[in-house]
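Reviewing the structure listed below.
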Ligand code: BTN
């Protein structure tokens, strides 16, 4: 069970808790198709059995240990070609929250994984519904590793593994919602320059040459930022290259 966050304006004011479900993103989509849900509606579970990650990946989370939830946003003020700015704002909201809790730098591994010391703490899955040129609704799913102490996948960690103590999930949810709301309000106000600059400065691997691979090759590249469509901009020996999500792998 989760309480309505006391200090937010709209996020979580309508909160739907289900003890278990396949995926909060799927449930949010289903529910929003049956009924017009208020912006900020938050759907949360303690046991997500078929959590979805970036296309083709699963999101695994031990029962009752972590935060797995989805928020419904209605960024109707945005043009569809600007939709990556929403991803940026959400990532920055999670980053701000995490840095405040962990007191250490958190990086955004493009497009929107949150990393501390090369370890993934949080994943975000944004699913947009578009009508004409308008972004009608966006379901933002967040999986935050909180109290779980072991992971079967490589390079994952939880807040507890980093700080050595347990966290109260309700308290964290509230603080995270406040931070998300602050960045979403900036987006609403059209503060795109600030959002873009903060996102760029947070990019994991920015300005550091490293090895990547695409579907045909390994190559060295240096991340320089993202373009206005959210593609990763990279300096390579062949000049600047731009990658869409799933076209690129980071080689460690
Ligand atoms: C990723 O890093 O691949 C994205 C992971 C997103 C996981 C969250 S957990 C809550 C929401 N419901 C889902 O099915 N997925 C997202």
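Just a few scattered comments:
- One residue stands out among those in the stretch 11-25 that are buried (at least 19 other Cβ atoms within 10 Å of the Cβ) and in a loop (DSSP other than H, G, I, E, B): the one that is nearest to the ligand (Cβ to nearest atom), which is 23.
- Any hit, the stretch 182-199, residues being part of a loop (DSSP other than H, G, I, E, B), within 19 Å of the chain's Cα centre (by Cα) and closer than 24 Å to residue 117 by Cα: no
- Residue, farthest from the ligand (Cβ to nearest atom), within the stretch 33-43, restricted to residues that are part of a loop (DSSP other than H, G, I, E, B) and surrounded by 15 or more Cβ atoms within 10 Å (Cβ to Cβ): 39
- Any chance residue 223 is more than 22 Å from the chain's Cα centre (by Cα) and either in a loop (DSSP other than H, G, I, E, B) or farther than 30 Å from residue 14 by Cβ (or both): no
- Candidate set from the stretch 185-204 (those that are touching a strand residue (DSSP E or B) at 6+ places or on another chain (Cβ under 7 Å) and in contact (Cβ under 8 Å) with a residue 40 or more places away in the chain); member that is surrounded by the fewest Cβ atoms within 10 Å (Cβ to Cβ): 204
- Within the stretch 119-136, the set of residues being within 15 Å of the ligand (Cβ to nearest atom), over 8 Å from the mean Cα position of the chain (by Cα) and either more than 16 Å from residue 176 (Cα to Cα) or not in a strand (DSSP E or B) (or both) comprises 119, 120, 127, 128.
- Check on residue 67, closer than 21 Å to residue 130 by Cβ, modelled with pLDDT of 95 or more and under 20 Å from the mean Cα position of the chain (by Cα): no
- Selection within the stretch 105-114: residues that are more than 11 Å from the ligand (Cβ to nearest atom) and either modelled with pLDDT under 95 or under 21 Å from residue 246 (Cβ atoms) (or both). The member of this set that is surrounded by the fewest Cβ atoms within 10 Å (Cβ to Cβ) is 107.
- Of all the criteria given as (1) in contact with a helix residue (DSSP H, G or I) (Cβ under 7 Å, 6 or more places away or on another chain); (2) within 14 Å of the ligand (Cβ to nearest atom); (3) free of Cβ contacts under 8 Å to residues at least 60 places away in the same chain, the one not satisfied by residue 156 is (1).
- Close contacts from the stretch 105-133, counting a first residue that is at positive phi and a second that is more than 9 Å from the ligand (Cβ to nearest atom), with Cβ to Cβ under 6 Å and a gap of 6+ residues or different chains, come to none at all.
- Boolean, residue 46 is assigned to a loop (DSSP other than H, G, I, E, B) and either more than 16 Å from the ligand (Cβ to nearest atom) or in contact with a strand residue (DSSP E or B) (Cβ under 7 Å, 6 or more places away or on another chain) (or both): no
- Taken together, the criteria exclude residue 102 from residues that are more than 11 Å from the ligand (Cβ to nearest atom) and crowded, with 16+ Cβ neighbours inside 10 Å.
- Of all the criteria given as (1) over 10 Å from the mean Cα position of the chain (by Cα); (2) touching a residue at least 60 places away in the same chain (Cβ under 8 Å); (3) within 16 Å of the ligand (Cβ to nearest atom), the one not satisfied by residue 93 is (1).
- Positions within the stretch 46-75 being buried (at least 21 other Cβ atoms within 10 Å of the Cβ) and farther than 20 Å from residue 114 by Cβ, in sequence order: 72, 75
- Residue check, residue 162 more than 19 Å from the chain's Cα centre (by Cα), closer than 23 Å to residue 117 by Cβ and touching a residue at least 24 places away in the same chain (Cβ under 8 Å): yes
The values are calculated or read from the model by the stated rules, or taken from the named source; none is laboratory data. Just so it is clear, the structure is predicted and the values come from calculations on it, not from any experiment. Here the Cβ is made from the backbone with ideal geometry for all residues, glycine too, and neighbour counts use every protein chain on show.
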